[in-house]
Amino acid sequence: MLPPSQAESLILKLVRPLNPQQDGQEVGLHEALGRILACSAASSLDFPHWDNSAMDGYAVRYQDVQSCPVTLDIGETIPAGNPPQQTLRPGQCARIFTGAMLPPGADTIVIQENTHREGDRVRILAVPQGGDYVRRRGSFYQRGNPLLAAGIRLQAPDLAVLAAAQCHQLTVYRRPRVAIFSTGDELVPPEQPLQPGQIVDSNQYALAAFVAERGAMPLKLGIVPDRPEALKSTISEAIQSADLVLSTGGVSVGDYDYVESVLSELGGQIHLSSVAIRPGKPLSVATFGNGCLYFGIPGNPVSALVSCWRFVAPALAKLSGLAGNWSPKFAIAKTNDLLRGSGDREVYLWGQLQLVAGNYEFNLAPGSHSSGNMVNLAQTTGLAVVPAGQGPIPAGSPVQVMVIAA
């Protein structure tokens, strides 16, 4: 069994990220939210686009207002959106509003609070600083330079920047395709009446949501019975149609656990079979010649999601073209409950991670922490980590918590 950190490193080395040339696609701004930028974006515009006023007031020549009070003639009024029509002459100013272009000859704005208007003239009451309240062309951004870097997930502020820059068509990575199926004769879909001994397949829904939250495209292949030929047919379809495959069940050492033998039969190279973690010890990771990455994870609902949060999420982040650190985020929190470990395995206990007065606190989910009990998994926001070989962590102690976030 590999320790979780080593297992994560091994998995990340196996991931082949999407290629910006082969896997890029053009989208409009309305389709870009949450997508990952495949090529850096640049604009043909300077920001600001021209010298403009940051305040309502009067555009003046600084040399005319170095001794105040002084009275100037108002040559024109310049609202935002209207270009100036005149060049300022000595002793002249222009009434100007926030965002409006400076007229030629002007270099300073006197805010209206420091003026007194008298018909077509204005009295400047206080000496400004040269260049006051002028936003110079190109002072925020100069055209042709990189505006947004490739590898970022586009959010609302990014779209605002791109829209203002008139970058209305973007090259983003296509969404990774993730095939998902569950194995087991005992499984039935939620809409089917439950018979004695049967189990509702919740993993399809949990994993499809997990994948979609991360911007990938889930391909749901349903429930596969515990028969090698049926499993072989489904895995073959999955590895041909997807970038990454997620199957639940069939990866332990039981009489009906066929996944690894079928992976080998189909030409897969198995790199990992188990991890020193609880829940989620059985973890089959394989690669195929076409670049497909296969994850065989436990069928128990909690184990399945913990495996996804800990190991599949980093792999999906790298695969999708996201730049930066792909590892899960960990925070140090005060635990409000006693946390118990489990011998030679790293233990992940689920619950609520919250900021209280600027500091993180962790509250253990109530009830049994069994991998088969998914009821208290609802609204999980953090997984407290009890290191392998460590004794109980008392309430009030600091603990490392993995942040659950898409």
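Values in this text are rule-based calculations from the coordinates and carry no lab data. This is a predicted model, so every value here is computed, not measured. As a convention, Cβ positions derive from the backbone with ideal geometry for all residues, glycine included, and neighbour counts pool all protein chains shown.
Quick check: pseudo-label points 7 Å beyond the Cα along Cα→Cβ at residue 370 and residue 332, how many nm apart are they?
Taking the two extended label points, one gets 3.6 nm.
Hey, what's the Cα Rg ratio for the stretch 156-291 versus the globular rule of thumb, 2.2 N^0.38 Å?
The stretch 156-291 yields a ratio of 1.30.
In whole angstrom, note down how far apart the Cα centers of the stretch 292-356 and the stretch 194-254 are.
Result: 20 Å between the Cα centres.
Could you work out how far the C-alpha centroid of the stretch 359-396 sits from that of the stretch 1-62, in angstrom?
36 Å
Computed FRET efficiency, Cβ-Cβ of residue 266 and residue 359, R0 45 Å: what is it to the nearest 0.05? Could you put the intermediate results ahead of the total?
Working: r = 50 Å, r/R0 = 1.11.
The value I calculate is 0.35.
At a threshold of 8 angstrom on Cα-Cα distance, excluding pairs fewer than six apart, so keeping six or more, what relative contact order does the chain reach in percent?
Working: 938 pairs, mean separation 64.4, N = 406.
Relative CO of the chain lands at 16 percent.
What's the extension gain from residue 160 to residue 192 if we count 0.36 nm per residue and subtract their Cα-Cα distance? Mind showing how you got there, number by number?
Values: separation 32, 0.36 × 32 = 11.52 nm, distance 4.63 nm.
That works out to 6.9 nm of additional length.
All other residues with a Cβ under 14 Å from the Cβ of residue 178 taken together, and with Lys, Arg as +1 and Asp, Glu as -1, what is their net charge? Write down the numbers at each step before the final one.
On the way: positive: 174, 175, 177, 214, 220, 318; negative: 213, 237, 243.
Net local charge, residue 178 excluded: +3.
When DSSP assigns beta bridges and you keep just the ones with both residues in the chain, what percent turn out antiparallel, to the nearest 5? Numbers along the way, then the final one.
Working: 58 of 86 bridges.
Of those bridges, close to 65 percent are antiparallel.
Rounded to two decimals, what is Rg over Rh for the stretch 185-235 when you use alpha-carbon atoms and the Kirkwood radius? Let's see the in-between values first.
Numbers: Rg = 12.8 Å, Rh = 12.4 Å.
With Rg and the Kirkwood Rh in hand, the quotient comes to 1.03.
List the chymotrypsin sites (Phe, Trp or Tyr not before Pro) within the stretch 77-163 that DSSP assigns to loop and that have no more than 11 neighbouring Cβ atoms inside 10 Å.
Listed in order of number, the matching sites are 140.
Using a 10 Å cut-off on Cβ atoms, rank the peptides 273-285, 367-379 from the highest mean neighbour count down.
Ranked from most to least packed, the peptides come out as 273-285, 367-379.
Largest first, please: the extent of the C-alpha atoms of the stretch 330-403 along each principal axis, to the nearest Å.
Per principal axis, max minus min of the Cα coordinates gives 33, 27, 19 Å.
For residue 224, list long-range residues whose amide hydrogen, built 1.01 Å from N in the peptide plane, is under 5 Å from its own amide hydrogen.
So residue 224 has HN proximity to 182, 183, 184.
Please give me the summed charge of the neighbours of residue 293: other residues whose Cβ is under 13 Å from its Cβ, Lys and Arg +1, Asp and Glu -1. List each step's numbers first, then the result.
Values: positive: 13, 16, 177, 318; negative: 243.
So the environment of residue 293 carries a net charge of +3.
Based on Cα coordinates alone, diagonalise the gyration tensor for the chain, multiply each eigenvalue by 5, take square roots, and list the semi-axes in whole Å, largest first. Present the calculation step by step, with values, prior to reporting the outcome.
Numbers: eigenvalues 752, 135, 57 Å².
Output for the chain: semi-axes of 61, 26, 17 Å.
Just to confirm a number: summing +1 for Lys and Arg and -1 for Asp and Glu over residues other than residue 315 whose beta-carbon lies under 11 angstrom from that of residue 315, what do you get?
On the way: positive: 13, 16, 214, 310, 318; negative: 8, 243.
Result for the neighbourhood of residue 315: +3.
Round to the nearest 0.05 the FRET efficiency obtained for residue 276 and residue 241 when R0 = 35 Å and r is the Cβ-Cβ distance. The partial results should precede the final answer.
On the way: r = 33 Å, r/R0 = 0.93.
Here the calculated transfer efficiency is 0.60.
Please list, in order along the stretch 232-238, the HN-Hα scalar couplings obtained from phi with the Karplus expression 6.51 cos²θ - 1.76 cosθ + 1.60 (θ = phi - 60°), rounded to whole Hz, x for Gly and Pro.
4, 5, 5, 5, 4, 4, 5
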